[in-house]
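Chemist: Once you've had a glance at the structure underneath, I'll fire off some questions.
The values are calculated or read from the model by the stated rules, or taken from the named source; none is laboratory data. Keep in mind the model is a prediction, meaning the values are calculated, not measured. Because the Cβ atoms are built from the backbone with ideal geometry, glycine has one as well, and the counts that use them run over all protein chains shown. Heavy atoms of the whole protein, side chains included, go into the accessibility calculation; ligands, DNA and RNA do not. Shrake-Rupley method; radii C 1.70, N 1.55, O 1.52, S 1.80 Å.
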Amino acid sequence: QTVRNLLAALDPKVASQLFAVDFAESPAIDCLLAETFIRQFMATRQKALRRSGLLRASDVLTQLTDGQLIQIYLERHGPRVIVVDQRGRTLEIESLTPTQHDAIYLALTLALVDSYSHHGIELPLILDEPFLRQDPASAAAMAGVLEGFSRSGHQLLVFTEDYDAQRRFSA
């Protein structure tokens, strides 16, 4: 509701320049699996991969899950997300916890926003309650990843009632 209220009064041209994720309900990874999204994501990633310093979704996922999930990639002919755990096992999205779903969604989102920025398209990222389903260790990891993302020059707005996360960002 925070994101909806925030964006409601914006001109559609302005709203289209934002990337907003509301974690109040578990974000639907399905929308990231739409064929047009995958085609656009892969094309953007292929061009940007030639540049150094590009944020990789797998690296972010590894940080967010404390090394439990180490690789994420999009199957071109699925479309589906493939996740690999620390033992090298391929996991189905349906078998993962809501916390892991949020980590995958956030990892893909950060990588996408970073890819666009390497093409000169700056998308402010708005996150509403990203810590909602996170345990304290996962919340600390997420706060660290988001802080690093912000420090690398990305505009990030985080709305949360998680006081521990607020303290981490304030420190």
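Chemist: Check Ala137, Ala141 and return the single one that is surrounded by 13 or more Cβ atoms within 10 Å (Cβ to Cβ), assigned to a helix (DSSP H, G or I) and at pLDDT 90 or above. Lay out the reasoning, then the answer.
Modeler: Numbers: Ala137 fails: surrounded by 13 or more Cβ atoms within 10 Å (Cβ to Cβ).
Going through Ala137, Ala141 in turn, the sole match is Ala141.
Chemist: Given the condition of a type in the set (S, T, N, Q) and in a loop (DSSP other than H, G, I, E, B), answer yes or no: does some residue in the range 81-91 qualify?
Modeler: If we filter the range 81-91 for residues that are of a type in the set (S, T, N, Q), which is where we start, we get 86, 90.
When the remaining residues are screened for being in a loop (DSSP other than H, G, I, E, B), the result is 86.
Yes: the range 81-91 contains one or more residues that are of a type in the set (S, T, N, Q) and in a loop (DSSP other than H, G, I, E, B).
Chemist: A follow-up question, please. What residue, of His119, His154, is open to solvent by 70 Å² or more (accessible area, probe 1.4 Å) and of a type outside the set (A, V, I, L, M)?
Modeler: None of the other options fit; the residue is His119.
Chemist: To continue, here is another question. Name the residue that is modelled with the highest pLDDT, counting only residues in the range 42-80 that are among the small types (Gly, Ala, Ser) and in a loop (DSSP other than H, G, I, E, B). Steps first, answer last, please.
Modeler: Applying the first criterion (among the small types (Gly, Ala, Ser)) to the range 42-80 yields 43, 48, 52-53, 57-58, 67, 78.
In the following step, the residues that additionally are in a loop (DSSP other than H, G, I, E, B) were identified as 52-53, 67, 78.
On the way: Ser52: 43, Gly53: 51, Gly67: 94, Gly78: 63.
Result: Gly67.
Chemist: Could you give every pair whose Cβ atoms fall below 8 Å, whose first residue belongs to the range 145-157 and is on the phi > 0 side of the Ramachandran plot, and whose second residue is open to solvent by less than 40 Å² (accessible area, probe 1.4 Å) and among the hydroxyl-bearing types (Ser, Thr, Tyr), counting only separations of at least 6 or pairs across chains?
Modeler: Close Cβ pairs satisfying both conditions: Gly153/Ser117.
Chemist: If I filter the range 145-171 down to residues being assigned to a helix (DSSP H, G or I) and under 22 Å from His118 (Cβ atoms), which single residue comes out as farthest from the chain's Cα centre (by Cα)?
Modeler: Selected residue: Arg151.
Chemist: Hey, Leu91 hits all of (1) over 14 Å from the mean Cα position of the chain (by Cα); (2) among the hydrophobic types (A, V, I, L, M, F, W, C); (3) within 16 Å of Ala24 (Cα to Cα) but one; which does it fall short on?
Modeler: Every listed condition holds for Leu91 apart from (3).
Chemist: Of all residues in the range 100-121, which are without any contact (Cβ under 8 Å) to a residue 40 or more places away in the chain and over 28 Å from Gln86 (Cβ atoms)?
Modeler: The initial filter retains those residues of the range 100-121 that are without any contact (Cβ under 8 Å) to a residue 40 or more places away in the chain, namely 100, 117, 120-121.
Hits for the range 100-121 are Ser117, Gly120, Ile121.
Chemist: Could you please find all residues in the range 81-95 being of a type outside the set (Asp, Glu) and touching a strand residue (DSSP E or B) at 6+ places or on another chain (Cβ under 7 Å)? Spell out how you get there, then give the answer.
Modeler: Taking the range 81-95 and keeping what is of a type outside the set (Asp, Glu), we get 81-84, 86-91, 93, 95.
Val81, Ile82, Val83, Val84, Gln86, Thr90, Leu91, Ile93, listed by residue number.
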